[in-house]
Amino acid sequence: MFTGIVREIGQVLTEPTTSGRGGQRLRVGFGADLGGRLEIGASLAVDGVCLTVVELDGTSASVELSPETLRRTRLGALRRSEPVNLEPALRLGDALGGHWVQGHVDGVLRLLERRDLSEHRELTFSLPGELAPYLVEKGSVAIDGVSLTVARRHDDRFRVALVPHTLAQTTLGVRRVGDRVHCEVDILAKYVEQLLRRTQRPTEAR
């Protein structure tokens with residue numbers, strides 16, 4: 001479990017390579033403080049994707065990318081020196097400053113529009129039809145692992161407003177129109193939908 005509060009902007013040290021076990025392996029670098037929160041087998045969110053640490057040396061870690069992860073994310077296309085948002089898993093007693101984020105990507109979206117407002121910025125992303133029911137204005141959404149509030153929602157797109165701190169402390173500050181990003185909708189919305197479907201299902205004949 002994560003909160004969508006990025007701990008650090010890390011860096012891709014080696015591009016994804018075949019792990020020899022059916023997936024690919026990615027190595028990322030980070031500071032000593034973040035490294036101190038990790039251990040072999042720990043969860044680490046990389047651009048919002050929950051991954052397992054399989055190798056660790058204090059200021060870098062290797063994570064395994066499964067075939068499912070490669071299908072559903074853009075991690076397989078990362079290049080050396082590319083910046084990535086990093087967040088270690090939530091620990092008991094940590095502040096829940098964002099919202100509940102699982103690190104399970106629901107879709108890869110396109111950045112459609114960027115609007116600079118002095119030191120603030122508004123970004124508009126595509127909204128696939130299958131994800132539209134889970135986004136509401138003033139609701140939560142995670143973009144590349146960053147907890148954000150939906151400022152405006154349309155049928156095929158939505159907008160978020162970024163403050164200077166978010167722009168400086170996450171990779172959203174360098175995103176350009178046309179870039180692809182990971183999106184995770186609010187898990188509570190998906191559970192509510194499933195429960196409603198169950199209660200609306202016709203009673204089976206006995």
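Structure notes:
- Selection within region 136-195 - hydroxyl-bearing (S, T, Y) and in contact with a helix residue (DSSP H, G or I) (Cβ under 7 Å, 6 or more places away or on another chain): T166
- Failed condition for E184, given (1) over 22 Å from A77 (Cβ atoms); (2) touching a strand residue (DSSP E or B) at 6+ places or on another chain (Cβ under 9 Å); (3) open to solvent by less than 60 Å² (accessible area, probe 1.4 Å); (4) acidic (D, E): (1)
- Among the residues of region 118-138, those identified as surrounded by fewer than 17 Cβ atoms within 10 Å (Cβ to Cβ) and part of a loop (DSSP other than H, G, I, E, B) are S118, E119, P128, G129, E130, V136, E137, K138.
- Hey, R115 open to solvent by 50 Å² or more (accessible area, probe 1.4 Å), under 20 Å from V163 (Cα atoms), in a strand (DSSP E or B) and of a type outside the set (V, I, T) or not: yes
- Taken over region 139-174, the criterion of being over 17 Å from the mean Cα position of the chain (by Cα), touching a residue at least 40 places away in the same chain (Cβ under 8 Å) and assigned to a loop (DSSP other than H, G, I, E, B) is satisfied by V163 alone.
The values are calculated or read from the model by the stated rules, or taken from the named source; none is laboratory data. This one's a predicted model, so the numbers in the text were calculated from it and none came from an experiment. Positions of Cβ are generated from backbone atoms using ideal geometry, with glycine treated the same way; all protein chains shown enter the neighbour counts. Heads up: the accessible areas ignore ligands, DNA and RNA and are worked out on the full protein's heavy atoms, side chains in. Shrake-Rupley method; radii C 1.70, N 1.55, O 1.52, S 1.80 Å.
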